[in-house]
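The values are calculated or read from the model by the stated rules, or taken from the named source; none is laboratory data. Just so you know, these numbers come straight off a predicted model, no measurement behind them. Cβ coordinates were reconstructed from backbone atoms using ideal geometry, including for glycine residues, and neighbour counts include every protein chain displayed. Surface accessibility is based on the protein's heavy atoms, side chains included, excluding ligands, DNA and RNA. Shrake-Rupley method; radii C 1.70, N 1.55, O 1.52, S 1.80 Å.
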Amino acid sequence: MAGISKLEKDEMTIEVDPAVLENSDADYESAGYDSSTQSLTSSINEWIFENGRRYHVYFGAEKNLMPTDEVEQDRLDMHHESLLQILSGKLHLAPLKEPHRILDVGTGTGIWAIDMADKYPSAEVIGIDLSPIQPKWVPPNCRFEVDDAEREWTYAENSFDFIHLRNISISISDWQFLLGQAYRCLKPGGYIEHCELGIQTLCDDGTMPDDHGSKRCMEYISEAMTSIGKPPATKPTMVDNMKEAGFVEIDANTFKQPIGPWPKDPRMKRIGGMSVLLSETGYEAYGMGPLTRILGFEHAKAKKICDDAFAAVKNKNYHVYNHYYVVYARKPEEE
Ligand SMILES: C[S@@+](CC[C@H](N)C(=O)[O-])C[C@H]1O[C@@H](n2cnc3c(N)ncnc32)[C@H](O)[C@@H]1O
């Protein structure tokens, strides 16, 4: 993985900015840490209190547990920028050479697919999603289709050079079926890349208390998803799924996503600042469905758990992060 320094890889501890430790105030703002992405906060604030959240109801309450309303669309677009920063500006890690056909499964707002179409103007890029939330004005080599990736794919065998899946694990019930479809539709030698945020809230320097709000919220989400047979993605399960589907040359990577602008390194600080902004609606987006529909919590209890999670990551004294897994592999040249 040329171009990605040791700094971002999992084995490195993220160094805390000494200035964060300087005064006793718990919040970033009073300690002089105003994020450079402040304008994005205001755009999120414009939507966050409007008319509740909008979910896709296709196939019932367990199919898509996350909202797809405008608030969520803003979050997805901002998260795309933050994930790009984590990968040092790379849209993918698989070593692609002049791809002709690319598929993005669970494309969301289509922002990754649009960027890929710009990066590879001679490739055809298709994004599929359950929800028609993609823009109309897109590069001529990019198009979107409303489709359920968990149903038999209609694409021809051996027809894609690259298939990409990012942050869709909360919705997928049968990975072997989904990856089997991807295997069939990839050309021999073609690449698949699966990226997921880890659900655990982590800390390397002992500053995270046991009852940290984000840790608690993520534990509830994990309990809910495991109880319906959709345990959160981990690097080992992502690798096992790829192996089982027949993919080879599996390359599994773990990155750290700091939550809060506590790191010393300027790029990590920027990612951490964006993560806090993302958290403002992120815990609710990931949490409210599983907590109310699966665990049966009252709306007020679930909302408090999500609010407590956001409050905890705004506290500059807790140096927390989560993992971002990027696993890519190939369909063998010869079966
Ligand atoms: C958290 S969003 C991630 C969007 C995008 N991949 C990204 O990283 O910006 C998950 C998306 O997957 C879509 N999705 C969930 N289950 C799906 C399925 N079975 N088929 C197609 N899309 C699905 C949802 O509608 C949602 O837009």
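Would you point out the residue of the range 171-191, among those that are open to solvent by less than 20 Å² (accessible area, probe 1.4 Å) and within 14 Å of the ligand (Cβ to nearest atom), that is nearest to residue 81 (Cα to Cα)? It comes out as 172.
Of the residues making up the range 295-335, just one is over 28 Å from residue 195 (Cβ atoms) and of a type in the set (Phe, Trp, Tyr), namely 297.
Scanning the range 253-271 for residues that are open to solvent by 40 Å² or more (accessible area, probe 1.4 Å) and either in contact (Cβ under 8 Å) with a residue 24 or more places away in the chain or among the polar types (S, T, N, Q) (or both) yields 264, 265, 267, 269, 270.
Conditions (1) β-branched (Val, Ile, Thr); (2) assigned to a strand (DSSP E or B), marked per residue:
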residue: 281; (1), (2): yes, no
residue: 291; (1), (2): no, no
residue: 301; (1), (2): no, no
residue: 327; (1), (2): yes, yes
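When residues in the range 210-226 are screened for being open to solvent by 40 Å² or more (accessible area, probe 1.4 Å) and not in a helix (DSSP H, G or I), 2 of them pass.
The residues on offer are 143, 151, and the sole one that is assigned to a loop (DSSP other than H, G, I, E, B) and either under 24 Å from residue 175 (Cβ atoms) or open to solvent by 40 Å² or more (accessible area, probe 1.4 Å) (or both) is 151. Each residue in the range 116-168 was checked for being of a type in the set (Ser, Thr, Tyr), away from the ligand (no atom under 14 Å from the Cβ) and free of Cβ contacts under 8 Å to residues at least 40 places away in the same chain, and 2 of them qualify. Among the residues of the range 110-129, the ones that are open to solvent by 10 Å² or more (accessible area, probe 1.4 Å) and closer than 27 Å to residue 274 by Cα come to 6 in all.
Being farther than 29 Å from residue 163 by Cβ and part of a loop (DSSP other than H, G, I, E, B) holds for only one residue in 206, 229, and it is 206. Within the range 251-264, restricting attention to residues that are of a type in the set (D, E, K, R) and within 16 Å of residue 324 (Cβ to Cβ), which residue is farthest from the chain's Cα centre (by Cα)? My answer is 251. Considering only residues of the range 67-96 that are in contact with a Leu (Cβ under 9 Å, 6 or more places away or on another chain) and not in a helix (DSSP H, G or I), which is most open to solvent (accessible area, probe 1.4 Å)? Among those that are in contact with a Leu (Cβ under 9 Å, 6 or more places away or on another chain) and not in a helix (DSSP H, G or I), it is 90.
For the range 303-321, a residue qualifies if it is outside any helix (DSSP H, G or I) and not aromatic (Phe, Trp, Tyr), and the qualifying residues are 314, 315, 316, 317, 319, 320.
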